[in-house]
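**Q** The structure that follows is given in the form of structure tokens.
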Amino acid sequence: MSDKKKVILSGMRPTGKLHLGHLVGALENWVSLQGEYQNYHLIADYHALTTDPVSSQIYDHSIDMLIDWLSAGLDPKISPMFRQSQIKEHAELHLIFSMLVTTSRLERNPTLKEQVRDLEMDTIVYGHLGYPVLQAADILLYKGDVVPVGEDQLPHIEITREIARRFNVLYCEAAPVFPEPEGKLTKFARLPGLDGRRMSKSIGNTILLSDGPDEIKKKMKGAVTDPQKVRKGDPGRPDICLVFSYHNKFNATETAEIRSGCESGSLGCVDCKLRCAERITNALAPHREKRAYYESHLDEVKNILHDGETKARTVAQHTMSEVHQAMHMG
Ligand code: TRP
């Protein structure tokens, strides 16, 4: 048995500053698995072009996102962080993989169908159809065993497994080149947005990891609560209240008291929200401090990225030479 660590590969599209949903749904998970696994984290800047080809903001957004990753505790000494666009092997492996999957398979992808519906698109570009093929290249270039992602990404992991299997069967007589990676969901259920809908930057219902005490208070005040609880004294239903789900996450020691106060009516929504805002503010304080540090040390951030890209490139090049050899195209 080899004692080599299993590999984690995960990434995000660079949408700029991250919000609480990213922290709870992904980043905390990445950080907690770091050390036990060999982590790689990619900034999916090419993927960002699938829904919007305008690229003028992508670099700034990538840096902003990297700052959030570092502030959340990803350690650049052990976990390379890099941009997809700077490692040419992603594009190359994507091309090879595009021969191993049918268009009808890609058209059946439920995540794509959902996006088309949510964004009300009447047509999509070729690269958007191939989104999961590029994602398979992202994962398999680093021989990712485990991919911590949200539920919406599981169909992409399934396509990755199918492509890995197909490659291994077609080209690898001796030992398989690629593992069949597994998706790993976070334990914590998804945090709803402040209006009760899915938390999303484009909807504008989020708390950013960079928000200060006043912004958090202001945003919390506007959060939707149980519509049956109109004024203090009315009994509320914590289990359907999104503010309560935030208490659950950020105020574990007081949830029993908040629940009984809400249900009996003795706790009003205004007080409940203020207490919640305070907890979130405290929970994010270390993150905000680290953000401020990196924002004033941008050269250090850029060096971290450069270093991550150098490390990732070495791994990617090694995998590509195995790929070419297996295909008799060396
Ligand atoms: N598709 C992912 C998302 O939208 C981002 C991503 C790109 C990714 N490449 C990846 C995630 C590889 C995991 C592994 O969230």
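The values are calculated or read from the model by the stated rules, or taken from the named source; none is laboratory data. Keep in mind that this is a model prediction, so the values were computed, not measured. Neighbour counts are summed over all protein chains in view; Cβ atoms, including those assigned to glycine, are modelled from backbone coordinates with ideal geometry. Please note that ligands, DNA and RNA were not included when accessible areas were found on the heavy atoms of the full protein model with its side chains. Shrake-Rupley method; radii C 1.70, N 1.55, O 1.52, S 1.80 Å.
**Q** Using a 1.4 Å probe on the protein heavy atoms only, what accessible surface does Val146 show? Give it in Å² to the nearest 10.
**A** For Val146, solvent-accessible area is about 20 Å².
**Q** If you don't mind, there's one more thing I want to ask. Rolling a 1.4 angstrom probe over the protein heavy atoms, how many square angstrom per residue are accessible across the range 211-292?
**A** That works out to 53 Å² for each residue.
**Q** Any chance you could run the full-extension gain for Arg190 through Thr103? It's 0.36 nm times the residue separation minus the Cα-Cα distance, nm to one decimal.
**A** Result for the pair: 28.2 nm of gain on full extension.
**Q** Further question on the same structure: What translational diffusion coefficient, to the nearest whole µm²/s, does the chain have by Stokes-Einstein, given a Kirkwood radius computed over alpha-carbon pairs, a temperature of 25 °C and 0.890 mPa s viscosity?
**A** 114
**Q** Which FRET efficiency value, to the nearest 0.05, do you get for Glu92 and Glu263 by plugging their Cβ-Cβ distance into 1/(1 + (r/R0)^6) with R0 = 56 Å?
**A** For Glu92 and Glu263, the calculated efficiency is 0.45.
**Q** OK, next. I want to check the label-to-label distance for Ile203 and Lys290. Put each point 7 Å from Cα in the C-beta direction and report it in nm to one decimal.
**A** Result for the modelled spin labels: 2.8 nm.
**Q** Around Lys219, with a cut-off of 11 angstrom between Cβ atoms, what is the net charge of the other residues, counting Lys and Arg +1 and Asp and Glu -1?
**A** For residues surrounding Lys219, the net value is 0.
**Q** Let me spell out the model: positive unit charges on the Cβ of Lys and Arg, negative unit charges on the Cβ of Asp and Glu, origin at the Cα centre of the chain. What dipole size does that give, in debye rounded to 20?
**A** 620
**Q** Skipping prolines and chain starts, which residues have an amide H placed within reach, meaning under 5 Å, of the one on His19, given they are 5 or more residues away or on another chain?
**A** Leu209
**Q** On a 0 to 90° scale, report how tilted helix 255-264 is relative to the longest principal axis of the chain, with both axes built from alpha carbons and the result rounded to the nearest 10.
**A** Between the helix axis and the principal axis of the chain, the angle is about 50 degrees.
**Q** Which residues does a label at Glu36 reach in the range 149-193, if reach means a backbone N under 20 Å from a point 7 Å past the Cα toward the Cβ?
**A** 149-151, 180-190, by backbone N distance to the label point.
**Q** Shifting gears a bit: So what are the ³J(HN,Hα) numbers for the range 108-119, from phi and the Karplus equation (6.51, -1.76, 1.60; θ = phi - 60°), rounded to whole Hz, Gly and Pro as x?
**A** Karplus values, whole Hz, x for Gly and Pro: 7, 5, x, 5, 5, 4, 4, 4, 4, 5, 4, 8.
**Q** Can you work out the FRET efficiency for the pair Ile78 and Glu254, with r the C-beta to C-beta distance and R0 = 35 Å, to the nearest 0.05?
**A** So, using R0 = 35 Å, E works out to roughly 0.50.
**Q** Also: In whole percent, and with a 1.4 Å probe on the protein chains, what portion of the accessible area of the range 189-322 is carbon and sulfur?
**A** Roughly 52 percent, rounded to a whole number.
**Q** Choose one of Pro148, Val116, Pro235: the residue whose Cα lies farthest towards the positive end of the charge dipole of the chain (beta-carbon charges +1 Lys, Arg; -1 Asp, Glu; about the Cα centre).
**A** Pro235
**Q** Moving on. Between the helical axis of 58-72 and the dominant principal axis of the chain, each derived from Cα atoms, what acute angle in degrees is found, rounded to the nearest 10?
**A** Between helix and principal axis, roughly 70 degrees.
**Q** Ok, one more. Where a Cα-Cα gap under 20 Å defines reach, which aspartates and glutamates qualify for Lys184, not counting those fewer than 8 residues away within the same chain?
**A** Glu28, Glu36, Asp138, Asp145, Glu151, Asp152, Glu158, Glu162
**Q** Can you work out the PRE-style zone for Arg117? Point 7 Å along Cα to Cβ, and I want the residues of the range 149-178 with backbone N under 18 Å.
**A** Label zone hits: 151-156.
**Q** For a quick check of understanding: with a 1.4 angstrom probe and all protein chains in place, what accessible area in square angstrom does Val224 have, to the nearest ten?
**A** About 70 Å², rounded to the nearest 10.
**Q** State to the nearest 20 debye the size of the charge dipole of the range 108-171 about its Cα centre, where the only charges are +1 on K and R beta carbons and -1 on D and E beta carbons.
**A** Dipole of the range 108-171, to the nearest 20 debye: 400 debye.
**Q** May I pose another question? Calculate the spin-label point distance for Lys221 paired with Lys5, positioning each point 7 Å from the Cα along the beta-carbon direction, and give it in nanometres.
**A** Inter-label distance under the simple model: 4.5 nm.
**Q** For Tyr126 and Glu173, what is the calculated FRET efficiency with R₀ set at 56 Å and r taken between the beta-carbons, to the nearest 0.05?
**A** 0.95
**Q** If you don't mind, another one. Summing +1 for each Lys or Arg and -1 for each Asp or Glu, what net charge is found among the other residues whose Cβ lies under 12 Å from the Cβ of His306?
**A** Local net charge: 0.
**Q** Given H placed on each backbone N at 1.01 Å, which residues far from Tyr40 in sequence or on other chains put an amide H within less than 5 Å of it?
**A** For Tyr40, the qualifying residues are Ile8, Leu9, Ser10.
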